[in-house]
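Asks: Take a look at the following structure, please.
The values are calculated or read from the model by the stated rules, or taken from the named source; none is laboratory data. Everything numeric in this text was worked out from a predicted model, so none of it was measured. Heads up, the Cβs are rebuilt from the backbone with ideal geometry, glycines too, and the neighbour counts pull from every protein chain shown. Ligands, DNA and RNA are excluded from the accessible area calculation, which covers all protein heavy atoms including side chains. Shrake-Rupley method; radii C 1.70, N 1.55, O 1.52, S 1.80 Å.
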Amino acid sequence: MSETLSEARKARARAWFETLRDDICAAFEALEAALPAHAPFAERAAGRFVRTPWTRADHAGGSIKSDPGGGVMASMQGRVFEKVGVHVSTVFGEFAPEFRKDIPGAETDPRFWASGISLIAHPHNPRVPAVHMNTRLVATTKAWFGGGADLTPMLDKRRRQDDPDTVAFHAAMRAACDAHARVAPYERYKRWCDEYFYLRHRGEMRGIGGIFYDYLDSADWEADFAFTQEVGRAFIGIYPELVRTNFTTPWSAAEREEQLVRRGRYVEFNLLYDRGTIFGLRTGGNVEAILSSLPPVVKWP
């Protein structure tokens with residue numbers, strides 16, 4: 001990528017993130033509508049997304065910018081999904097002085113532009129895994145793509161690398177990387193995910209992994225963008241299928257308890273380690289959108 005990201009490329013990336021948001025929301029609403037009559041919670045009304053626009057508050061350097069950007073929260077509580085958020089944002093301004101040293105290219109020029117999509121889904125059914133996905137484009141005096149997707153089964157007996165859901169999810173992420181192998185080495189991105197989504201204080205992974213990448217700047221913007229789009233397509237191709245495979249299965253009170261405790265690990269990671277959470281809070285993002293990744297009900301026994 002060049003040091004100056006063209007307005008045309010910014011517009012293309014933003015349009016893709018918004019299109020992907022729309023496609024995911026439609027797929028998740030279709031899951032809500034498709035829950036069979038014999039399934040748990042089938043007597044409830046199917047959920048629909050509610051979209052809430054927001055404007056970023058930029059206070060960098062002691063001055064408030066007139067147009068710092070913002071985004072749209074798309075949130076749903078339904079009969080399949082206890083809580084799901086699919087959010088897009090496009091923000092710009094200047095990094096605060098204490099944050100500039102942590103961002104490539106911001107040391108000499110604090111101005112930035114960033115656009116992306118972020119998703120977290122917490123299903124009702126403990127047999128259905130929770131999932132996270134995000135992709136983004138960030139520009140300072142440098143520009144790069146980042147993101148990935150990872151799966152978190154709620155029950156210990158499903159947190160295995162040979163579990164059918166795990167195998168299918170990894171296969172989808174591998175296929176996305178293999179289709180763009182020159183810029184997306186699967187084994188590296190899989191290992192990066194395992195290392196990133198790790199609760200160091202507990203000595204355990206958050207879930208069963210997936211892929212994670214950051215600072216992707218191969219000097220071929222089109223190739224990097226194509227791979228980032230592929231990640232989104234791979235996600236929408238695999239996760240709804242995993243939901244359909246599991247969402248009719250009844251669960252026990254013990255499995256619900258295990259789900260709520262596992263959700264606590266999710267909270268711990270997002271508040272202690274997640275760079276997206278830190279980035280959003282430090283750049284005047286929407287607090288409700290940033291913290292929407294937190295599950296609606298959780299337990300620490």
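Residue-wise test of (1) outside any loop (DSSP other than H, G, I, E, B); (2) open to solvent by 30 Å² or more (accessible area, probe 1.4 Å); (3) modelled with pLDDT under 95.
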site	(1), (2), (3)
SER118	yes, yes, no
VAL128	no, no, no
LYS157	yes, yes, no
ARG160	no, yes, no
ALA172	yes, no, no
CYS177	yes, no, no
ARG191	yes, yes, no
GLU195	yes, yes, no
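Asks: Within the range 202-253, track down each residue that is assigned to a strand (DSSP E or B), of a type outside the set (Asp, Glu) and closer than 26 Å to PRO104 by Cβ. Steps first, please.
Replies: As a first pass, look at the range 202-253 and keep what is assigned to a strand (DSSP E or B): 204-205, 209-216.
If we keep only those that are of a type outside the set (Asp, Glu) as well, we get 205, 209-213, 215-216.
Correct list: GLY209, GLY210, ILE211, PHE212, TYR213, TYR215, LEU216.
Asks: Just wondering, is there one or more residues in the range 280-287 that are open to solvent by less than 20 Å² (accessible area, probe 1.4 Å), touching a residue at least 40 places away in the same chain (Cβ under 8 Å) and under 18 Å from PRO129 (Cβ atoms)?
Replies: No, that holds for no residue.
Asks: Still on this structure: Six or more apart or on different chains, Cβ under 9 Å: which pairs go from a residue in the range 43-57 that's more than 12 Å from MET73 (Cα to Cα) and outside any strand (DSSP E or B) to one that's open to solvent by 50 Å² or more (accessible area, probe 1.4 Å) and polar (S, T, N, Q)? Could you list them?
Replies: GLY47/GLN77
Asks: Go through the range 1-42 and report how many residues are part of a helix (DSSP H, G or I) and in contact (Cβ under 8 Å) with a residue 60 or more places away in the chain.
Replies: So the answer is 18.
Asks: While we're looking at this one, here's another question. Return the pair list, or none, for Cβ contacts closer than 8 Å from residues in the range 136-148 that are open to solvent by less than 10 Å² (accessible area, probe 1.4 Å) to residues that are hydroxyl-bearing (Ser, Thr, Tyr) and modelled with pLDDT under 95, at least 6 apart or on different chains.
Replies: These pairs meet every condition: ALA143/SER2.
Asks: Pairs only if they're at least six apart or on different chains, beta carbon under 6 angstrom, first in the range 178-191 and over 22 Å from ARG206 (Cβ atoms), second assigned to a loop (DSSP other than H, G, I, E, B) and of a type outside the set (A, V, I, L, M, F, W, C); list them, first residue then second.
Replies: VAL183/SER218
Asks: Anything in the range 288-300 that is modelled with pLDDT of 95 or more and open to solvent by less than 20 Å² (accessible area, probe 1.4 Å)? List them, or say none.
Replies: Listed by number, the list holds a single entry, PRO295.
Asks: Determine which single condition PHE99 fails, assuming it passes every other condition in (1) of a type in the set (A, V, I, L, M, F, W, C); (2) at pLDDT below 95; (3) in a strand (DSSP E or B).
Replies: Every listed condition holds for PHE99 apart from (3).
Asks: From the list PHE212, PHE227, exactly one residue is modelled with pLDDT of 95 or more and more than 23 Å from THR277 (Cβ to Cβ). Which is it?
Replies: None of the other options fit; the residue is PHE227.
Asks: Examine the range 130-144 for a residue that is in a helix (DSSP H, G or I), closer than 25 Å to MET76 by Cβ and in contact with an Asp or Glu (Cβ under 7 Å, 6 or more places away or on another chain), and state whether such a residue exists.
Replies: no
Asks: Taking GLU268, is it of a type in the set (Asp, Glu), on the phi < 0 side of the Ramachandran plot and surrounded by 14 or more Cβ atoms within 10 Å (Cβ to Cβ)?
Replies: Yes; evaluated as a whole, the condition is true for this residue.
Asks: Scan the range 84-96 and tell me whether some residue there is among the polar types (S, T, N, Q), farther than 30 Å from GLN259 by Cα and part of a helix (DSSP H, G or I).
Replies: no
Asks: Between PHE17, PHE81, which is within 22 Å of PRO296 (Cβ to Cβ) and either surrounded by fewer than 20 Cβ atoms within 10 Å (Cβ to Cβ) or under 23 Å from the mean Cα position of the chain (by Cα) (or both)?
Replies: PHE81
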